[in-house]
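FYI, it's all coordinate maths here, none of it is from the lab. This structure is a prediction, so every number in the text was calculated from the model and none was measured. In this analysis, Cβ positions are derived from the backbone assuming ideal geometry, glycine residues included, and neighbour counts consider all displayed protein chains.
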Amino acid sequence: MRKLLAVLLICACWTGSAFAGEAKATDLGQVFEILKSKQFVDMTHSFGLGIPHWPGFEDMKTEQLYDYDSDGFRAHRYSLVGQWGTHVDPPAHFIRGLRTADRIDVKEMIAPLAVLDISEKALKNPDYEAAISDLEEWESRNGRLPEGTFVVLRTGWHKKWPDGKAFQNADEKGVSHFPAWGLELLKVLFEQRKVLAIGHETTDTDAGYKGNMECETYVLAQNHYQIELLANTDPLPEWGALIVVTWPKPLDGTGFPARVFAILP
């Protein structure tokens, strides 16, 4: 990963360098050759009717407007809430006056990727909340988490897709039970490690049993975005991959389905 990041950094610095005039188009070609030789992992669920979602949102609707035989092409109208499928939550989703989806710089859409794996703990206790000790264990193996990292919480929950009932895992009283971030860990990540953003496999940042949104409120109040309902986290290494996160650019958008993928070292 160091080699890959070094090449990307060199290319990014061309225009501000005293040697900009010596840069050759083939240098970008070298970056591309490195990238295409790597394994890509799509971390995005295909969305459609009936997929897992926050219970407060209604299901999406689709309408076919044109078809091949009658019109020569096929087109659909999609009606869905911004927080649908694998999606971005920009700060303005919760916090008035902070950044909307269209105001997040594209430079924030590619980053080093770290994975905190709590899947074994979540298997034993679906109410488990990632703690500072999980970060400490990660750093004991990989060193201090660098600034500007995108951190994914691996819980194994993505394997339940597309079963909405399994995702919510509600008990007889209707209380959901699924793993999540812990608030104290999030404070360390954003205030001390200066991470770029976070992502998780579940429908919420907060543990289902709590019934509140203190963790999500905290994250978005930092003016950072998050990604929910991530897929295919199993192949990702703890450290060494890059993540690319993209979404459309709705004016003043408070959320939208995203396309997320990782490039493995």
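Given the structure, is G255 more than 22 Å from K107 (Cβ to Cβ) and small (G, A, S)?
No: the conditions fail for G255.
Within the set of pairs 6+ apart or on separate chains, which have a first residue in region 55-77 that is surrounded by 11 or more Cβ atoms within 10 Å (Cβ to Cβ), a second that is assigned to a loop (DSSP other than H, G, I, E, B) and acidic (D, E), and C-beta atoms under 9 Å apart?
R74/D67
When you go through (1) in a loop (DSSP other than H, G, I, E, B); (2) under 24 Å from Q168 (Cβ atoms) one by one for F73, which number turns out not to apply?
(2)
Restricting attention to region 26-43, does a residue exist that is of a type in the set (K, R) and part of a helix (DSSP H, G or I)?
yes
Is it fair to say W157 is without any contact (Cβ under 8 Å) to a residue 60 or more places away in the chain and farther than 26 Å from I104 by Cα?
Yes; evaluated as a whole, the condition is true for this residue.
Of everything in region 149-181, what is among the basic types (K, R) and closer than 16 Å to L123 by Cα? Give them in sequence order.
Result: R154, K159, K160.
Hey, could you check region 117-133 for residues that are in contact with a strand residue (DSSP E or B) (Cβ under 7 Å, 6 or more places away or on another chain) and free of Cβ contacts under 8 Å to residues at least 60 places away in the same chain and say which is nearest to V188 (Cα to Cα)?
In this case the residue turns out to be A130.
Could you please find all residues in region 166-178 being assigned to a loop (DSSP other than H, G, I, E, B) and of a type outside the set (V, I, T)?
Selection gives N169, A170, D171, E172, K173, G174, S176, H177, F178.
Anything in region 212-223 that is surrounded by fewer than 22 Cβ atoms within 10 Å (Cβ to Cβ) and more than 23 Å from E137 (Cβ to Cβ)? List them, or say none.
Selection gives N212, M213, E214, E216, T217, A221, Q222, N223.
Look through region 169-203, keep the residues that are closer than 17 Å to S133 by Cβ and among the aliphatic types (A, V, I, L, M), and return whichever of them is surrounded by the most Cβ atoms within 10 Å (Cβ to Cβ).
A180
Which numbered condition trips up F94, out of (1) among the aromatic types (F, W, Y); (2) in contact with a Ser or Thr (Cβ under 8 Å, 6 or more places away or on another chain); (3) exposed (fewer than 12 other Cβ atoms within 10 Å of the Cβ)?
Every listed condition holds for F94 apart from (3).
Just the residues that are more than 15 Å from the chain's Cα centre (by Cα), surrounded by 18 or more Cβ atoms within 10 Å (Cβ to Cβ) and under 25 Å from D102 (Cβ atoms), please, taken from region 228-257.
If the condition is that a residue be more than 15 Å from the chain's Cα centre (by Cα), surrounded by 18 or more Cβ atoms within 10 Å (Cβ to Cβ) and under 25 Å from D102 (Cβ atoms), then G253 is the only one that fits.
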